[in-house]
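One structure is given below, encoded as structure tokens.
The values are calculated or read from the model by the stated rules, or taken from the named source; none is laboratory data. Just so we're clear, the structure is a prediction, and the values are computed from it rather than from any experiment. So basically every Cβ, Gly included, is an ideal-geometry build from the backbone, and we count neighbours across all protein chains shown. The accessibility values were calculated without ligands, DNA or RNA, using every heavy atom of the protein model including side chains. Shrake-Rupley method; radii C 1.70, N 1.55, O 1.52, S 1.80 Å.
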Amino acid sequence: MARIRVLVVDDHRIFAESLAAALAAEPDVDVAAAGSGPAALRALERATAEARPYDVILVDAELGALAHGGALATGGVPALPVPRPEEPGAVDGISLVAGVRTARPGVRSVVLAEKDDPRCAARALQAGASGWVAKDCSLQRLLTVIRGVLRDETHLPPALLTGVLRELTTARKHRTESEQLVESLTPREREVLRCMVAGLGRKAVAERLFLSPHTVRTHMQNVLGKLGVHSTLAAVALARRAGVGPAEPVTVRLAGDVVERGSQLA
């Protein structure tokens, strides 16, 4: 029997433990649980190194939103770390989905939500999620979705479909408009914009591009003018809508621990 490797990523301790236990009882499912986004990234990396990659990750839509830490300690199971939002390296659910799509394209992502939210569901799909499932759905429904996304299916609740399509259509319109504005920039201005997306200040941009701070200031003013915005934050938001990435990869500090459970896991 082909086994399905599932990683549950949720910082709600009771829900995480209950879901992991329910999935572990399935004869064809091995399940692990991570209590934060960084812990999930660590688990994915370790699984790949051990040639036991995950097939599906189940990600809490509100990952990282808890105000207080805690740990699982029920039934003799090692505790899951529950991160505080202010901790360095915190990763929200949608960002985790996007990161997994880029770094682990073979892994399918399913978002678990307490309530239906068309805008958030649309963002999840844009980030690379293959499904959106209510946290209070039945285990059989969740298993159907897990097996479905492995067949390259996309699963959404019927009640969300119209709203999600509307959000995606609106987002595409905004993206198209943003892309046209970015295309009006010169190659050098696009380099400066990518540096702005990376969060670099004027001095850092000057050092990176071997320009004077005065020249960088002029380029930044030109970028804002051509994009029709009045602040760096607004320029970065527009750039992201247009698909402009940062000038250099953002280093994410991995932290946390991972708990594995499953009938055939050591």
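With the highest mean first, a sort of the peptides 203-209, 148-154, 14-20 on other beta-carbon atoms found within 10 angstrom per residue produces 14-20, 203-209, 148-154.
Overall, the stretch 96-197 carries a charge dipole of about 220 debye about its Cα centre when +1 sits on the Cβ of Lys and Arg and -1 on the Cβ of Asp and Glu, all other atoms neutral. Residues Lys115, Lys135, ordered by accessible area of protein heavy atoms at a 1.4 angstrom probe radius and largest first, appear as Lys115, Lys135.
On a per residue basis, the stretch 1-46 carries 35 Å² of accessible surface, using protein heavy atoms and a 1.4 Å probe. For His214, neighbours were defined as the other residues whose beta-carbon sits under 13 Å from its Cβ, and their charges (Lys and Arg +1, Asp and Glu -1) total +3. The slack in the chain from Ser184 to Cys137, taken as 0.36 nm per residue of separation less the alpha-carbon distance, amounts to 12.2 nm.
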